[in-house]
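Reading through the C-alpha coordinates given below for one structure.
The values are calculated or read from the model by the stated rules, or taken from the named source; none is laboratory data. Please read these numbers as outputs of a predicted model, since none were measured by experiment. Cβ placement follows ideal geometry from the backbone for every residue including glycine, while neighbour counts extend to all protein chains displayed. Accessible surface areas use protein heavy atoms only, side chains included; no ligands, DNA or RNA. Shrake-Rupley method; radii C 1.70, N 1.55, O 1.52, S 1.80 Å.
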Amino acid sequence: MSSAIAQKQNKGPGLFSNVKNDVIAGITVSVVALPLALAFGVASGLGAVAGLYGAIFCGFFASLFGGTKAQVTGPTGPMTVVTATVVGTYGREYALLAILLAGLLQIIFGLLKLGSLVRLIPYPVVSGFMDGIAVIIIMQQKDYFLQAPLVAIVTMILMWVIPRINKKLPASLLALIFGTLFAIYIAPMFEGGFLVRNIETIGAIPQGLPKFAFPKITDFSVIQNVISPAFTLAILGSIDSLLTSVVVDGITNSKHNSNKELMGQGIGNAVSSLFGGMGGAGATVRSVVNVREGGQTPLSGMVHSVMLLMVLLVLAPIASIIPMSVLAGILIVTGLGMFDIPGIKDMKIQPITDTIIMLLTFVLTVAVDLIVAVGVGMLFACLFFIRDMGKLRVSEKSLDTLPISDVIRVNAEECGLKVCSVDGPLFFGTAEFVSNLLQNQSGEKYLVIDIHHVEVMDATGAKALRDSIIKLQEQGIMVTLAGTPKRIEKIMNRMKVIETVKPSRCFKFASEAVVYSVDYHELISGIQGDIIRFDDED
(Lines give C-alpha, C1' and ligand atoms only; values in the text may rest on other atoms or scores of the structure.)
Protein backbone atom coordinates (compact mmCIF):
# COMPACT_ATOMS: atom_id res chain seq x y z
CA MET A 1 0.00 0.00 0.00
CA SER A 2 2.69 2.46 1.01
CA SER A 3 4.76 1.77 -2.14
CA ALA A 4 1.71 2.41 -4.34
CA ILE A 5 1.13 5.75 -2.64
CA ALA A 6 4.79 6.66 -3.07
CA GLN A 7 4.66 5.85 -6.79
CA LYS A 8 1.56 7.98 -7.19
CA GLN A 9 3.26 10.90 -5.44
CA ASN A 10 6.36 10.58 -7.62
CA LYS A 11 4.23 10.93 -10.75
CA GLY A 12 3.05 14.31 -9.52
CA PRO A 13 -0.43 15.84 -10.02
CA GLY A 14 -2.46 14.68 -13.02
CA LEU A 15 -3.50 17.00 -15.86
CA PHE A 16 -7.00 17.56 -14.47
CA SER A 17 -6.27 17.27 -10.75
CA ASN A 18 -6.23 21.03 -10.15
CA VAL A 19 -8.55 22.38 -12.85
CA LYS A 20 -9.94 25.47 -11.11
CA ASN A 21 -6.61 26.84 -9.91
CA ASP A 22 -4.87 25.93 -13.17
CA VAL A 23 -7.45 27.81 -15.24
CA ILE A 24 -7.20 30.90 -13.04
CA ALA A 25 -3.39 30.74 -13.13
CA GLY A 26 -3.37 30.27 -16.91
CA ILE A 27 -5.59 33.31 -17.45
CA THR A 28 -3.41 35.42 -15.15
CA VAL A 29 -0.21 34.33 -16.90
CA SER A 30 -1.69 35.15 -20.31
CA VAL A 31 -2.17 38.74 -19.13
CA VAL A 32 1.51 38.90 -18.19
CA ALA A 33 2.62 37.13 -21.38
CA LEU A 34 0.66 39.24 -23.90
CA PRO A 35 2.78 42.40 -23.91
CA LEU A 36 6.02 40.40 -23.73
CA ALA A 37 4.97 38.22 -26.66
CA LEU A 38 4.17 41.30 -28.74
CA ALA A 39 7.39 43.03 -27.72
CA PHE A 40 9.67 40.05 -28.32
CA GLY A 41 7.92 39.39 -31.64
CA VAL A 42 8.68 42.90 -32.85
CA ALA A 43 12.25 42.74 -31.54
CA SER A 44 12.86 39.43 -33.34
CA GLY A 45 12.13 40.98 -36.73
CA LEU A 46 9.35 38.48 -37.42
CA GLY A 47 6.61 40.83 -36.25
CA ALA A 48 4.30 41.12 -33.27
CA VAL A 49 1.99 38.35 -34.48
CA ALA A 50 4.95 35.93 -34.64
CA GLY A 51 5.53 36.61 -30.96
CA LEU A 52 1.90 35.77 -30.22
CA TYR A 53 2.07 32.63 -32.33
CA GLY A 54 5.24 31.62 -30.47
CA ALA A 55 3.58 32.06 -27.09
CA ILE A 56 0.50 30.14 -28.28
CA PHE A 57 2.15 27.12 -29.91
CA CYS A 58 5.33 26.84 -27.85
CA GLY A 59 3.35 27.41 -24.68
CA PHE A 60 0.71 24.80 -25.48
CA PHE A 61 2.87 21.95 -26.79
CA ALA A 62 5.79 22.46 -24.39
CA SER A 63 3.31 22.22 -21.51
CA LEU A 64 1.56 19.19 -23.02
CA PHE A 65 4.72 17.19 -23.76
CA GLY A 66 7.29 18.76 -21.41
CA GLY A 67 8.76 17.48 -18.18
CA THR A 68 8.19 20.45 -15.84
CA LYS A 69 4.62 20.46 -14.51
CA ALA A 70 4.06 24.16 -13.87
CA GLN A 71 6.43 25.75 -16.39
CA VAL A 72 5.17 28.29 -18.92
CA THR A 73 6.93 28.59 -22.27
CA GLY A 74 7.05 31.53 -24.65
CA PRO A 75 9.36 33.97 -26.43
CA THR A 76 12.41 34.92 -24.35
CA GLY A 77 15.35 37.28 -24.62
CA PRO A 78 18.02 34.83 -25.84
CA MET A 79 15.74 33.34 -28.51
CA THR A 80 14.73 36.82 -29.66
CA VAL A 81 18.31 38.02 -30.06
CA VAL A 82 19.39 35.05 -32.20
CA THR A 83 16.21 35.15 -34.30
CA ALA A 84 16.70 38.86 -35.01
CA THR A 85 20.22 38.11 -36.28
CA VAL A 86 18.95 35.40 -38.66
CA VAL A 87 16.11 37.60 -39.92
CA GLY A 88 18.52 40.46 -40.56
CA THR A 89 21.00 38.23 -42.39
CA TYR A 90 18.89 35.71 -44.31
CA GLY A 91 15.28 36.84 -44.05
CA ARG A 92 12.04 35.69 -42.47
CA GLU A 93 11.65 32.27 -44.10
CA TYR A 94 15.15 31.16 -43.21
CA ALA A 95 14.62 32.31 -39.63
CA LEU A 96 11.52 30.10 -39.44
CA LEU A 97 13.58 27.24 -40.89
CA ALA A 98 16.23 27.81 -38.20
CA ILE A 99 13.52 27.64 -35.51
CA LEU A 100 12.18 24.40 -37.03
CA LEU A 101 15.65 22.83 -37.08
CA ALA A 102 16.27 24.04 -33.53
CA GLY A 103 13.09 22.29 -32.38
CA LEU A 104 14.15 19.06 -34.07
CA LEU A 105 17.59 19.32 -32.47
CA GLN A 106 16.01 19.75 -29.03
CA ILE A 107 13.93 16.61 -29.60
CA ILE A 108 17.16 14.77 -30.48
CA PHE A 109 18.84 16.19 -27.35
CA GLY A 110 16.02 14.75 -25.29
CA LEU A 111 16.12 11.36 -27.00
CA LEU A 112 19.88 11.19 -26.41
CA LYS A 113 19.27 12.09 -22.75
CA LEU A 114 21.48 15.17 -22.85
CA GLY A 115 19.26 17.13 -20.47
CA SER A 116 21.45 16.50 -17.45
CA LEU A 117 24.52 17.85 -19.27
CA VAL A 118 23.01 21.35 -19.43
CA ARG A 119 23.13 21.44 -15.64
CA LEU A 120 26.92 21.19 -15.81
CA ILE A 121 27.22 24.71 -17.22
CA PRO A 122 28.97 26.77 -14.51
CA TYR A 123 27.09 29.59 -12.84
CA PRO A 124 29.59 32.32 -13.94
CA VAL A 125 28.98 31.35 -17.59
CA VAL A 126 25.19 31.55 -17.16
CA SER A 127 25.46 34.84 -15.25
CA GLY A 128 27.73 36.52 -17.80
CA PHE A 129 25.60 35.23 -20.65
CA MET A 130 22.32 36.53 -19.20
CA ASP A 131 23.88 39.92 -18.45
CA GLY A 132 25.07 40.08 -22.05
CA ILE A 133 21.60 39.20 -23.36
CA ALA A 134 20.16 41.97 -21.19
CA VAL A 135 22.52 44.53 -22.74
CA ILE A 136 21.70 43.35 -26.28
CA ILE A 137 17.94 43.60 -25.67
CA ILE A 138 18.31 47.13 -24.29
CA MET A 139 20.58 48.21 -27.17
CA GLN A 140 18.09 46.86 -29.73
CA GLN A 141 15.45 49.31 -28.46
CA LYS A 142 17.52 52.40 -29.25
CA ASP A 143 15.73 53.37 -32.48
CA TYR A 144 12.21 52.90 -31.14
CA PHE A 145 13.16 54.63 -27.90
CA LEU A 146 14.47 57.67 -29.79
CA GLN A 147 11.30 57.87 -31.86
CA ALA A 148 9.39 58.96 -28.77
CA PRO A 149 11.60 59.04 -25.64
CA LEU A 150 8.78 60.59 -23.60
CA VAL A 151 6.42 57.69 -24.36
CA ALA A 152 9.10 55.08 -23.63
CA ILE A 153 10.09 56.75 -20.35
CA VAL A 154 6.46 57.01 -19.19
CA THR A 155 6.01 53.31 -19.96
CA MET A 156 9.19 52.45 -18.04
CA ILE A 157 8.04 54.49 -15.04
CA LEU A 158 4.72 52.65 -15.07
CA MET A 159 6.58 49.31 -15.18
CA TRP A 160 8.54 50.32 -12.06
CA VAL A 161 5.78 52.05 -10.11
CA ILE A 162 2.87 49.61 -10.55
CA PRO A 163 4.51 46.67 -8.70
CA ARG A 164 5.31 49.01 -5.80
CA ILE A 165 1.63 49.89 -5.53
CA ASN A 166 0.46 46.28 -5.70
CA LYS A 167 2.66 43.34 -6.65
CA LYS A 168 -0.32 41.35 -7.89
CA LEU A 169 -1.13 43.90 -10.61
CA PRO A 170 0.07 42.89 -14.11
CA ALA A 171 2.63 45.66 -14.50
CA SER A 172 3.56 44.96 -18.12
CA LEU A 173 -0.07 44.83 -19.29
CA LEU A 174 -1.07 48.00 -17.42
CA ALA A 175 2.05 49.75 -18.70
CA LEU A 176 1.08 48.64 -22.21
CA ILE A 177 -2.46 49.99 -21.86
CA PHE A 178 -1.66 53.29 -20.14
CA GLY A 179 1.47 53.84 -22.22
CA THR A 180 -0.61 53.46 -25.37
CA LEU A 181 -3.27 55.86 -24.06
CA PHE A 182 -0.56 58.37 -23.17
CA ALA A 183 0.91 58.05 -26.68
CA ILE A 184 -2.49 58.61 -28.29
CA TYR A 185 -3.88 61.47 -26.19
CA ILE A 186 -0.99 63.29 -24.53
CA ALA A 187 2.24 62.64 -26.44
CA PRO A 188 1.02 64.47 -29.61
CA MET A 189 1.25 67.74 -27.65
CA PHE A 190 5.02 67.33 -27.66
CA GLU A 191 5.33 66.05 -31.22
CA GLY A 192 7.99 67.68 -33.36
CA GLY A 193 10.58 68.01 -30.62
CA PHE A 194 13.17 65.66 -29.16
CA LEU A 195 10.70 64.09 -26.71
CA VAL A 196 8.31 62.92 -29.45
CA ARG A 197 9.64 62.75 -33.01
CA ASN A 198 7.43 60.02 -34.43
CA ILE A 199 4.95 57.55 -32.95
CA GLU A 200 5.15 54.38 -35.02
CA THR A 201 2.66 51.63 -34.19
CA ILE A 202 2.78 47.85 -34.50
CA GLY A 203 0.52 47.94 -37.53
CA ALA A 204 -2.05 45.48 -38.77
CA ILE A 205 -2.08 42.09 -37.04
CA PRO A 206 -3.73 39.24 -38.98
CA GLN A 207 -6.99 38.32 -37.29
CA GLY A 208 -8.03 34.70 -37.29
CA LEU A 209 -6.51 31.27 -36.80
CA PRO A 210 -2.85 30.88 -37.79
CA LYS A 211 -2.30 28.97 -41.04
CA PHE A 212 0.07 26.05 -41.50
CA ALA A 213 2.89 26.90 -43.87
CA PHE A 214 6.29 25.19 -44.26
CA PRO A 215 9.08 27.79 -44.54
CA LYS A 216 9.45 28.79 -48.21
CA ILE A 217 13.04 28.03 -49.21
CA THR A 218 14.16 29.41 -52.58
CA ASP A 219 17.93 29.15 -52.19
CA PHE A 220 18.92 25.75 -50.80
CA SER A 221 22.57 26.81 -50.59
CA VAL A 222 21.61 29.07 -47.69
CA ILE A 223 20.36 26.12 -45.61
CA GLN A 224 23.88 25.21 -44.49
CA ASN A 225 24.30 28.78 -43.21
CA VAL A 226 21.15 28.38 -41.10
CA ILE A 227 22.39 25.25 -39.33
CA SER A 228 24.71 27.21 -37.03
CA PRO A 229 22.04 29.65 -35.74
CA ALA A 230 19.62 26.69 -35.45
CA PHE A 231 22.11 24.93 -33.20
CA THR A 232 22.51 28.16 -31.23
CA LEU A 233 18.74 28.46 -30.79
CA ALA A 234 18.55 24.83 -29.68
CA ILE A 235 21.33 25.22 -27.11
CA LEU A 236 20.10 28.55 -25.74
CA GLY A 237 16.48 27.42 -25.65
CA SER A 238 17.53 24.28 -23.77
CA ILE A 239 19.66 26.20 -21.28
CA ASP A 240 16.97 28.82 -20.70
CA SER A 241 14.24 26.21 -20.25
CA LEU A 242 16.14 23.90 -17.90
CA LEU A 243 17.33 26.80 -15.75
CA THR A 244 13.69 27.84 -15.41
CA SER A 245 12.81 24.23 -14.59
CA VAL A 246 15.28 24.36 -11.70
CA VAL A 247 13.65 27.58 -10.47
CA VAL A 248 10.19 25.97 -10.64
CA ASP A 249 11.50 22.91 -8.80
CA GLY A 250 12.76 25.16 -6.02
CA ILE A 251 9.40 26.88 -5.61
CA THR A 252 7.21 23.80 -5.89
CA ASN A 253 9.54 21.35 -4.12
CA SER A 254 9.28 19.04 -7.12
CA LYS A 255 11.69 17.47 -9.63
CA HIS A 256 11.44 17.95 -13.38
CA ASN A 257 12.33 15.46 -16.13
CA SER A 258 15.01 17.33 -18.09
CA ASN A 259 15.04 15.03 -21.13
CA LYS A 260 11.27 15.07 -21.44
CA GLU A 261 11.36 18.84 -21.05
CA LEU A 262 13.78 19.16 -23.96
CA MET A 263 11.52 17.06 -26.16
CA GLY A 264 8.49 19.16 -25.17
CA GLN A 265 10.36 22.38 -25.93
CA GLY A 266 11.49 20.94 -29.25
CA ILE A 267 7.96 19.94 -30.27
CA GLY A 268 6.70 23.40 -29.30
CA ASN A 269 9.36 25.21 -31.32
CA ALA A 270 8.95 22.97 -34.37
CA VAL A 271 5.16 23.39 -34.44
CA SER A 272 5.43 27.15 -33.85
CA SER A 273 7.74 27.61 -36.84
CA LEU A 274 5.27 25.75 -39.09
CA PHE A 275 2.63 28.36 -38.23
CA GLY A 276 4.94 31.36 -38.64
CA GLY A 277 5.71 31.74 -34.93
CA MET A 278 9.02 32.53 -33.27
CA GLY A 279 10.80 30.08 -31.01
CA GLY A 280 10.41 30.05 -27.27
CA ALA A 281 11.77 28.63 -24.06
CA GLY A 282 10.75 28.20 -20.45
CA ALA A 283 10.10 31.73 -19.19
CA THR A 284 11.10 32.31 -15.57
CA VAL A 285 8.84 35.27 -14.73
CA ARG A 286 5.77 33.75 -16.37
CA SER A 287 6.43 30.38 -14.70
CA VAL A 288 6.84 31.98 -11.27
CA VAL A 289 3.58 33.91 -11.73
CA ASN A 290 1.87 30.68 -12.76
CA VAL A 291 3.01 28.83 -9.63
CA ARG A 292 2.13 31.71 -7.31
CA GLU A 293 -1.37 31.90 -8.79
CA GLY A 294 -1.97 28.23 -8.07
CA GLY A 295 -0.84 26.53 -11.28
CA GLN A 296 0.32 22.99 -10.59
CA THR A 297 -0.11 21.00 -13.80
CA PRO A 298 0.56 21.43 -17.53
CA LEU A 299 -3.06 22.51 -17.90
CA SER A 300 -2.20 26.02 -16.66
CA GLY A 301 0.37 26.55 -19.42
CA MET A 302 -2.08 25.22 -22.01
CA VAL A 303 -4.83 27.56 -20.75
CA HIS A 304 -2.39 30.49 -21.02
CA SER A 305 -1.90 29.63 -24.71
CA VAL A 306 -5.62 29.26 -25.40
CA MET A 307 -6.29 32.66 -23.81
CA LEU A 308 -3.65 34.29 -26.04
CA LEU A 309 -5.33 32.67 -29.04
CA MET A 310 -8.64 34.21 -27.94
CA VAL A 311 -6.94 37.61 -27.71
CA LEU A 312 -5.58 37.15 -31.24
CA LEU A 313 -9.04 36.28 -32.58
CA VAL A 314 -10.85 39.13 -30.80
CA LEU A 315 -8.45 41.95 -29.99
CA ALA A 316 -6.04 41.94 -32.94
CA PRO A 317 -7.34 45.29 -34.33
CA ILE A 318 -6.82 46.97 -30.95
CA ALA A 319 -3.31 45.55 -30.61
CA SER A 320 -2.34 47.06 -33.95
CA ILE A 321 -2.41 50.61 -32.49
CA ILE A 322 0.19 49.90 -29.79
CA PRO A 323 3.17 52.27 -30.27
CA MET A 324 6.60 50.74 -30.82
CA SER A 325 8.06 53.13 -28.24
CA VAL A 326 5.75 51.58 -25.61
CA LEU A 327 7.07 48.12 -26.43
CA ALA A 328 10.59 49.54 -26.32
CA GLY A 329 9.98 50.82 -22.79
CA ILE A 330 8.64 47.41 -21.71
CA LEU A 331 11.65 45.58 -23.19
CA ILE A 332 14.17 48.00 -21.66
CA VAL A 333 12.73 47.33 -18.19
CA THR A 334 12.59 43.60 -18.98
CA GLY A 335 16.24 43.75 -20.04
CA LEU A 336 17.24 45.57 -16.87
CA GLY A 337 15.44 42.91 -14.87
CA MET A 338 17.48 40.19 -16.57
CA PHE A 339 20.76 41.41 -15.04
CA ASP A 340 22.07 38.98 -12.47
CA ILE A 341 22.46 41.48 -9.63
CA PRO A 342 23.39 38.86 -6.97
CA GLY A 343 26.04 37.51 -9.34
CA ILE A 344 27.45 40.99 -9.92
CA LYS A 345 27.59 41.62 -6.17
CA ASP A 346 29.34 38.29 -5.64
CA MET A 347 32.21 39.45 -7.84
CA LYS A 348 33.72 41.05 -4.74
CA ILE A 349 33.91 37.81 -2.80
CA GLN A 350 34.01 35.02 -5.39
CA PRO A 351 37.29 33.55 -6.72
CA ILE A 352 39.00 35.71 -9.33
CA THR A 353 38.67 32.88 -11.87
CA ASP A 354 34.87 33.02 -11.62
CA THR A 355 34.94 36.76 -12.20
CA ILE A 356 37.17 36.31 -15.25
CA ILE A 357 34.81 33.70 -16.71
CA MET A 358 31.76 35.88 -16.03
CA LEU A 359 33.25 39.00 -17.62
CA LEU A 360 34.66 37.10 -20.59
CA THR A 361 31.29 35.48 -21.30
CA PHE A 362 29.56 38.84 -20.94
CA VAL A 363 31.90 40.66 -23.35
CA LEU A 364 31.76 37.89 -25.96
CA THR A 365 27.97 37.73 -25.74
CA VAL A 366 27.65 41.43 -26.49
CA ALA A 367 30.53 41.84 -28.94
CA VAL A 368 30.81 38.52 -30.80
CA ASP A 369 28.21 35.75 -30.66
CA LEU A 370 26.05 34.03 -28.07
CA ILE A 371 27.16 30.48 -28.75
CA VAL A 372 30.81 31.55 -28.96
CA ALA A 373 30.42 33.25 -25.60
CA VAL A 374 29.00 30.12 -23.94
CA GLY A 375 31.61 27.94 -25.64
CA VAL A 376 34.58 30.08 -24.62
CA GLY A 377 33.16 30.53 -21.12
CA MET A 378 32.85 26.75 -20.77
CA LEU A 379 36.38 26.28 -22.13
CA PHE A 380 37.90 28.65 -19.58
CA ALA A 381 35.81 27.13 -16.79
CA CYS A 382 37.16 23.69 -17.74
CA LEU A 383 40.73 24.98 -17.94
CA PHE A 384 40.51 26.59 -14.51
CA PHE A 385 38.92 23.41 -13.15
CA ILE A 386 41.75 21.32 -14.59
CA ARG A 387 44.26 23.71 -13.07
CA ASP A 388 42.63 23.41 -9.66
CA MET A 389 42.29 19.65 -9.98
CA GLY A 390 45.88 19.55 -11.14
CA LYS A 391 47.31 20.60 -7.80
CA LEU A 392 49.34 17.43 -7.66
CA ARG A 393 52.17 17.39 -5.15
CA VAL A 394 55.47 15.59 -5.61
CA SER A 395 57.59 15.67 -2.46
CA GLU A 396 60.49 13.84 -0.85
CA LYS A 397 59.42 11.50 1.90
CA SER A 398 61.68 11.31 4.95
CA LEU A 399 63.06 7.87 5.74
CA ASP A 400 62.33 8.61 9.41
CA THR A 401 58.60 8.33 8.66
CA LEU A 402 58.89 4.76 7.36
CA PRO A 403 58.67 1.61 9.54
CA ILE A 404 62.21 0.41 8.81
CA SER A 405 65.15 -0.49 11.11
CA ASP A 406 67.90 1.96 11.93
CA VAL A 407 70.37 -0.23 10.04
CA ILE A 408 68.26 -0.13 6.86
CA ARG A 409 67.77 3.62 7.26
CA VAL A 410 71.52 4.26 7.57
CA ASN A 411 72.31 1.95 4.66
CA ALA A 412 69.63 3.61 2.54
CA GLU A 413 71.12 7.04 3.15
CA GLU A 414 74.63 5.77 2.38
CA CYS A 415 73.65 4.16 -0.91
CA GLY A 416 71.89 7.30 -2.16
CA LEU A 417 68.28 6.21 -1.86
CA LYS A 418 65.40 8.66 -2.02
CA VAL A 419 61.65 8.18 -1.54
CA CYS A 420 59.44 10.42 -3.71
CA SER A 421 55.73 10.69 -2.82
CA VAL A 422 53.18 11.59 -5.51
CA ASP A 423 49.88 12.90 -4.10
CA GLY A 424 46.82 13.88 -6.15
CA PRO A 425 45.34 13.18 -9.60
CA LEU A 426 47.78 12.11 -12.30
CA PHE A 427 46.00 12.92 -15.55
CA PHE A 428 46.51 15.01 -18.69
CA GLY A 429 46.29 18.23 -16.69
CA THR A 430 49.18 17.25 -14.38
CA ALA A 431 51.20 14.90 -16.60
CA GLU A 432 53.80 17.46 -17.66
CA PHE A 433 54.20 18.70 -14.09
CA VAL A 434 54.93 15.28 -12.60
CA SER A 435 57.10 14.34 -15.57
CA ASN A 436 59.33 17.38 -15.09
CA LEU A 437 59.68 16.82 -11.36
CA LEU A 438 60.51 13.15 -11.60
CA GLN A 439 62.95 13.55 -14.48
CA ASN A 440 64.80 16.31 -12.64
CA GLN A 441 65.79 13.96 -9.81
CA SER A 442 69.56 13.89 -9.38
CA GLY A 443 72.20 12.73 -6.89
CA GLU A 444 70.55 9.45 -5.96
CA LYS A 445 71.15 5.94 -7.28
CA TYR A 446 67.87 4.48 -6.04
CA LEU A 447 64.43 6.09 -6.23
CA VAL A 448 61.25 4.78 -4.63
CA ILE A 449 58.12 6.37 -6.21
CA ASP A 450 55.22 6.10 -3.75
CA ILE A 451 51.87 6.53 -5.59
CA HIS A 452 49.66 5.39 -2.74
CA HIS A 453 47.79 8.75 -2.76
CA VAL A 454 47.23 9.00 -6.52
CA GLU A 455 43.42 9.05 -6.67
CA VAL A 456 43.01 9.27 -10.45
CA MET A 457 45.18 8.29 -13.41
CA ASP A 458 44.39 8.48 -17.11
CA ALA A 459 46.38 7.28 -20.13
CA THR A 460 48.29 10.56 -20.42
CA GLY A 461 49.28 10.46 -16.76
CA ALA A 462 50.33 6.82 -16.98
CA LYS A 463 52.42 7.54 -20.08
CA ALA A 464 54.11 10.46 -18.34
CA LEU A 465 54.96 8.22 -15.36
CA ARG A 466 56.27 5.47 -17.65
CA ASP A 467 58.40 7.86 -19.71
CA SER A 468 59.77 9.45 -16.53
CA ILE A 469 60.80 6.02 -15.21
CA ILE A 470 62.56 5.25 -18.49
CA LYS A 471 64.48 8.54 -18.34
CA LEU A 472 65.46 7.89 -14.73
CA GLN A 473 66.69 4.43 -15.62
CA GLU A 474 68.72 5.89 -18.47
CA GLN A 475 70.37 8.18 -15.89
CA GLY A 476 71.49 5.11 -13.94
CA ILE A 477 68.80 5.36 -11.26
CA MET A 478 67.05 2.19 -10.20
CA VAL A 479 63.34 2.83 -9.74
CA THR A 480 60.97 0.89 -7.53
CA LEU A 481 57.23 1.54 -7.29
CA ALA A 482 55.21 1.46 -4.08
CA GLY A 483 51.56 1.66 -3.09
CA THR A 484 49.85 1.11 -6.46
CA PRO A 485 46.11 1.50 -5.75
CA LYS A 486 43.82 -1.13 -7.23
CA ARG A 487 41.74 1.54 -8.97
CA ILE A 488 44.63 2.56 -11.25
CA GLU A 489 46.40 -0.79 -11.58
CA LYS A 490 44.55 -1.63 -14.80
CA ILE A 491 45.58 1.54 -16.63
CA MET A 492 49.16 1.13 -15.40
CA ASN A 493 49.34 -2.39 -16.80
CA ARG A 494 47.78 -1.32 -20.07
CA MET A 495 50.27 1.54 -20.45
CA LYS A 496 53.15 -0.82 -19.49
CA VAL A 497 54.18 1.16 -16.41
CA ILE A 498 54.54 -2.03 -14.34
CA GLU A 499 56.42 -3.73 -17.15
CA THR A 500 58.85 -0.81 -17.38
CA VAL A 501 59.61 -0.90 -13.66
CA LYS A 502 59.48 -4.75 -13.57
CA PRO A 503 56.79 -6.51 -11.51
CA SER A 504 59.38 -7.68 -8.97
CA ARG A 505 60.17 -4.05 -8.15
CA CYS A 506 56.57 -3.07 -7.38
CA PHE A 507 55.55 -3.18 -3.72
CA LYS A 508 52.55 -2.52 -1.57
CA PHE A 509 54.42 -0.29 0.88
CA ALA A 510 57.29 2.16 0.49
CA SER A 511 59.14 0.51 3.38
CA GLU A 512 59.27 -2.77 1.40
CA ALA A 513 60.66 -0.95 -1.62
CA VAL A 514 63.35 0.64 0.55
CA VAL A 515 64.42 -2.71 2.04
CA TYR A 516 64.53 -4.25 -1.44
CA SER A 517 66.66 -1.39 -2.81
CA VAL A 518 69.15 -1.61 0.09
CA ASP A 519 69.43 -5.39 -0.28
CA TYR A 520 69.87 -5.03 -4.02
CA HIS A 521 72.61 -2.44 -3.55
CA GLU A 522 74.49 -4.63 -1.09
CA LEU A 523 74.19 -7.61 -3.43
CA ILE A 524 75.31 -5.72 -6.53
CA SER A 525 78.09 -3.91 -4.66
CA GLY A 526 79.46 -7.22 -3.45
CA ILE A 527 79.49 -8.69 -6.94
CA GLN A 528 80.19 -5.82 -9.31
CA GLY A 529 81.43 -2.96 -7.17
CA ASP A 530 79.82 0.29 -8.18
CA ILE A 531 78.72 -0.94 -11.64
CA ILE A 532 74.98 -1.51 -11.72
CA ARG A 533 73.04 -2.95 -14.67
CA PHE A 534 69.26 -2.52 -14.55
CA ASP A 535 68.51 -4.68 -17.55
CA ASP A 536 69.57 -7.82 -15.67
CA GLU A 537 66.99 -10.09 -14.15
CA ASP A 538 66.78 -9.86 -10.36
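Going by the structure shown, is residue 362 open to solvent by 60 Å² or more (accessible area, probe 1.4 Å), of a type outside the set (Asp, Glu) and touching an Asp or Glu at 6+ places or on another chain (Cβ under 7 Å)? Spelling it out, residue 362 is indeed open to solvent by 60 Å² or more (accessible area, probe 1.4 Å), of a type outside the set (Asp, Glu) and touching an Asp or Glu at 6+ places or on another chain (Cβ under 7 Å). Do we find a residue being free of Cβ contacts under 8 Å to residues at least 60 places away in the same chain and surrounded by fewer than 21 Cβ atoms within 10 Å (Cβ to Cβ) anywhere in the stretch 121-137? No. Cβ-Cβ distances below 6 Å connect the following pairs, each with a first residue in the stretch 306-325 that is in contact (Cβ under 8 Å) with a residue 60 or more places away in the chain and farther than 26 Å from residue 138 by Cα, a second residue that is in a helix (DSSP H, G or I) and not hydroxyl-bearing (Ser, Thr, Tyr), and a separation of six or more residues or different chains: 307/27; 309/56; 312/52. Taken over the stretch 84-140, the criterion of being more than 17 Å from the chain's Cα centre (by Cα) and not aliphatic (A, V, I, L, M) is satisfied by 85, 88, 89, 90, 91, 92, 93, 94, 103, 140.
Each row is one residue, and each column tells you yes or no for (1) over 30 Å from residue 368 (Cα atoms); (2) not hydroxyl-bearing (Ser, Thr, Tyr).
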position: 24; (1), (2): yes, yes
position: 63; (1), (2): yes, no
position: 69; (1), (2): yes, yes
position: 73; (1), (2): no, no
position: 79; (1), (2): no, yes
position: 88; (1), (2): no, yes
position: 104; (1), (2): no, yes
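When the stretch 484-507 is filtered for residues that are in contact with a strand residue (DSSP E or B) (Cβ under 7 Å, 6 or more places away or on another chain), of a type outside the set (A, V, I, L, M) and at pLDDT 90 or above, the ones remaining, listed by number, are 505, 506, 507. Scanning the stretch 441-499 for residues that are among the hydroxyl-bearing types (Ser, Thr, Tyr) and farther than 14 Å from residue 420 by Cβ gives 460, 484. From the list 327, 315, 370, 331, the lone residue that is at pLDDT below 95, surrounded by fewer than 16 Cβ atoms within 10 Å (Cβ to Cβ) and of a type outside the set (S, T, N, Q) is 315. Just to be sure, is residue 499 within 45 Å of the chain's Cα centre (by Cα) and more than 17 Å from residue 408 (Cβ to Cβ)? Judged against the criteria, residue 499 is a match. Within the stretch 464-484, the set of residues being surrounded by fewer than 18 Cβ atoms within 10 Å (Cβ to Cβ), of a type in the set (S, T, N, Q) and either assigned to a helix (DSSP H, G or I) or within 41 Å of the chain's Cα centre (by Cα) (or both) comprises 473 only. Every condition in (1) hydroxyl-bearing (Ser, Thr, Tyr); (2) surrounded by fewer than 24 Cβ atoms within 10 Å (Cβ to Cβ); (3) assigned to a loop (DSSP other than H, G, I, E, B) holds for residue 68 except the one numbered (2). The sole residue among 25, 37, 62 that is modelled with pLDDT of 95 or more, in a helix (DSSP H, G or I) and open to solvent by less than 10 Å² (accessible area, probe 1.4 Å) is 62.
Within the stretch 205-234, the residues that satisfy the criterion of being of a type in the set (Val, Ile, Thr) and assigned to a helix (DSSP H, G or I) are 222, 223, 226, 227, 232. Evaluation of residue 203 against the conditions (1) on the phi > 0 side of the Ramachandran plot; (2) in contact (Cβ under 8 Å) with a residue 60 or more places away in the chain; (3) open to solvent by 30 Å² or more (accessible area, probe 1.4 Å) shows that the sole unmet condition is (3). Taken over the stretch 509-538, residues that are open to solvent by 60 Å² or more (accessible area, probe 1.4 Å) and either modelled with pLDDT of 90 or more or in a helix (DSSP H, G or I) (or both) amount to 8. Can you tell me which of 487, 505, 494 is open to solvent by less than 40 Å² (accessible area, probe 1.4 Å) and of a type in the set (Lys, Arg)? Checking each option against the conditions leaves just 505.
Given the structure, is residue 217 over 20 Å from residue 376 (Cα atoms), open to solvent by less than 70 Å² (accessible area, probe 1.4 Å), over 31 Å from the mean Cα position of the chain (by Cα) and of a type in the set (A, V, I, L, M, F, W, C)? Answer is yes for this residue.
Against the test of being among the hydrophobic types (A, V, I, L, M, F, W, C), free of Cβ contacts under 8 Å to residues at least 12 places away in the same chain and part of a helix (DSSP H, G or I), the options 117, 105, 150 yield a single qualifying residue, 117. Of the residues making up the stretch 456-471, one or more are in contact with a strand residue (DSSP E or B) (Cβ under 7 Å, 6 or more places away or on another chain), within 23 Å of residue 402 (Cα to Cα) and modelled with pLDDT of 85 or more.
Only one of the numbered conditions (1) aliphatic (A, V, I, L, M); (2) part of a helix (DSSP H, G or I); (3) surrounded by 24 or more Cβ atoms within 10 Å (Cβ to Cβ) is not met by residue 100, and that is (3).
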